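Step one of this worksheet: look at the structure below.
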């Protein structure tokens, strides 16, 4: 007598879902048999790659060669029957089928015979690499244009006397109608698909290499991949999300390693504004410490003029980065990174910086956009004031016109014109605000002279002040705060 079994509510939910997928006992039994059989297949090859750092050519070669897996299989199949040169050619053909075919065609006397032999060998390799998968999985990976032909060639053996003519006739017809190059490329792609079941990319697609964007594009086409993001990847994602600090970091790193191709060619971002600014403001500055890194023969193709421009751009964006980092640290005191506020700790006369009570010598203190005297009463020239009030970043103004907060960290103005409200006099100062905001006074006396600082009005919403001469501040509302 069958034992009575009770099911919980959750058990019944899952059983009802399974009943919809497998409505009959036979359907459920077939799936159980299939899954048990799959569990006994050899495990597919899993490929782990890390620290690509934008080196797209090396990455694509590793991807195409499956890190040596294909070559091992070729040695197993043909080492005793094919010469070493032929094996090398066959391996290169699998890695780069279109390029290799174009290169080898002019060298072959009987091209049709070469096609026939090559297709036979490639089919052997494809069978060997795909034998660990079910036929159903392989069929799903076949290109639609050659799905039927490849399925027949893979699972019909030419050694079978009953089907030998059938097998050979398929290959002969493909060659006769001029489809051999395309079929060869399709078989090569199938081999590479079967050689690696899953790709694991363990960190750092981006960094100093020339074309990380090409790597990302190739990963989008990969049949099975997972990615563990690295610190360099997070940096670029933050820049793409609009963080000005991370944008400056990305540009600084790219210039430092003479790698502007990914920025300008890969993502179409022009750095001309930075180059014009650097040539103008850093024209007479010492940039010897900011020379870019040139590897190997790369230096031979770069003129001295371009080297000088790159060094100026590198120094300019580095100073901008210091300022942006300082602003972020001040906006987020919870980070506890005040020890990284360095610009206001520099002794420009003695060329040193004091950090945590220790004084360190500096090789370079020639920073045209950093005002060494925050309390200076000098007024900026009219053109610079107009530039700042029009929304151009104060990080990009000459020293005489640079704007500073009380900490010595230069801040940026807003990206839209500002209107002045209130008055500026020796006794009171109300700041500059957007047309839709009310004016307010500062909490602490700002330095005399041009000032650009971020303040919050009583409502708590943020705004930016613009350049203007300041005197002592009046009493500020208790809710006003500095950012």
| Using a Förster distance of 41 Å, how high is the FRET efficiency between residue 360 and residue 216, based on the Cβ-Cβ distance and rounded to 0.05? | 0.55
| Virtual paramagnetic centre 7 Å along Cα→Cβ of residue 337, amide N under 19 Å, in the range 220-249 | 230-249
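Based on other C-beta atoms within 10 Å, arrange 26, 121, 244 from fewest to most. Don't skip to the answer; put the middle values down first.
Working: 26 9, 121 21, 244 16.
Least to most surrounded, the residues fall as 26, 244, 121.
What Kirkwood Rh does the range 4-49 have if only Cα atoms enter the pairwise 1/r average? Answer in Å. Show your work: numbers first, answer last.
Working: mean 1/r = 0.0748 Å⁻¹.
Its Kirkwood hydrodynamic radius stands at 13.4 Å.
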| Among 149, 177, 191, what is the fewest-to-most ranking by other Cβ atoms within 10 Å? | 177, 149, 191
| Taking neighbour Cβ counts within 10 Å as the exposure measure, how do 352, 66 sort from fewest upward? | 352, 66
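Relative contact order of the range 79-194: what whole-number percent is it, with Cα pairs under 8 angstrom and at least 6 residues apart?
Working: 73 pairs, mean separation 45.2, N = 116.
Once normalised by length, the contact order is 39 percent.
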| query | If you line up the Cα atoms of the range 1-87 on their principal axes, what length do they span on each, largest first, in Å? | reply | 71, 40, 20
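Coordinate-derived values only; no laboratory data. The shown structure was predicted, so the numbers you read here are calculated from the model rather than taken from an experiment. Reconstructed Cβ throughout: ideal geometry from the backbone, glycine too, with neighbour counts over all protein chains shown.
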